1. Take the residues of the range 32-72 that are charged (D, E, K, R) and touching a His at 6+ places or on another chain (Cβ under 7 Å): which is nearest to Leu95 (Cα to Cα)?
2. Being modelled with pLDDT under 90, under 24 Å from Leu2 (Cα atoms) and among the hydrophobic types (A, V, I, L, M, F, W, C) narrows it down to one of Val78, Val59, Val130, Val73, so name that one.
3. Of all the residues that make up the range 9-48, how many are aromatic (Phe, Trp, Tyr), assigned to a loop (DSSP other than H, G, I, E, B) and either in contact (Cβ under 8 Å) with a residue 40 or more places away in the chain or surrounded by 13 or more Cβ atoms within 10 Å (Cβ to Cβ) (or both)?
4. For the subset of the range 49-58 comprising residues that are surrounded by 11 or more Cβ atoms within 10 Å (Cβ to Cβ) and either touching a strand residue (DSSP E or B) at 6+ places or on another chain (Cβ under 7 Å) or aliphatic (A, V, I, L, M) (or both), which member is nearest to His75 (Cα to Cα)?
5. Just the residues that are in a loop (DSSP other than H, G, I, E, B), touching a residue at least 24 places away in the same chain (Cβ under 8 Å) and under 14 Å from the mean Cα position of the chain (by Cα), please, taken from the range 50-109.
Amino acid sequence: MLSESGIRQLFERRYVPANCHLLGDSGYPCKPWLLTPYLQPRQGPQLNYNRAHKTTRAVVERGIGQLKRRFHVLHGEVRLRPEKVSKLIIACAILHNICKVRQIAEPLEDGDEDEDGDNDEDGGMLTEQVLRMGMVFDPPGYPE
């Protein structure tokens, strides 16, 4: 996926600032802009690096999980052009942040108890609620 994406080209052509990096798993080759874990780390700095890498990736993966729980459209294959997918993901992230600021709870996962007693069977309820607040917009400076 990365090999086919435009982001790889941006990093390789150095259009991205030098202090910006992507985190990858051990299936990717390590590059100056793509940080991957050591396969057999030695005690000391390499092991410390792997721990920091793992912790940071876990934060990113939890964030992705939160978006997927809140917006079902992100669960499987999204059949849109890449330009549309990026806008969709940005919109979901913005809406998610608005929900967090307004303390709108995440939807329950299958098997979780509904603690507030509401019977919200419609998984799109949260999205509708946020959309009704009129909070859908393009991020400033984002190309059409």
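The values are calculated or read from the model by the stated rules, or taken from the named source; none is laboratory data. Keep in mind it's a predicted model, so treat the numbers as computed, not measured. Note that each Cβ is placed from the backbone with ideal geometry, even for glycine, and that neighbours are counted across all protein chains shown.
1. Arg70
2. Going through Val78, Val59, Val130, Val73 in turn, just one is modelled with pLDDT under 90, under 24 Å from Leu2 (Cα atoms) and among the hydrophobic types (A, V, I, L, M, F, W, C): Val78.
3. Counting residues in the range 9-48 that are aromatic (Phe, Trp, Tyr), assigned to a loop (DSSP other than H, G, I, E, B) and either in contact (Cβ under 8 Å) with a residue 40 or more places away in the chain or surrounded by 13 or more Cβ atoms within 10 Å (Cβ to Cβ) (or both) gives 3.
4. Per the stated criteria, the residue is Arg57.
5. Phe71
Conditions tested, residue by residue: (1) touching a helix residue (DSSP H, G or I) at 6+ places or on another chain (Cβ under 9 Å); (2) of a type in the set (Val, Ile, Thr).
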{"site": "Ile7", "(1), (2)": "no, yes"}
{"site": "Arg14", "(1), (2)": "no, no"}
{"site": "Leu34", "(1), (2)": "yes, no"}
{"site": "Pro37", "(1), (2)": "yes, no"}
{"site": "Gln40", "(1), (2)": "yes, no"}
{"site": "Pro45", "(1), (2)": "no, no"}
{"site": "Gly76", "(1), (2)": "no, no"}
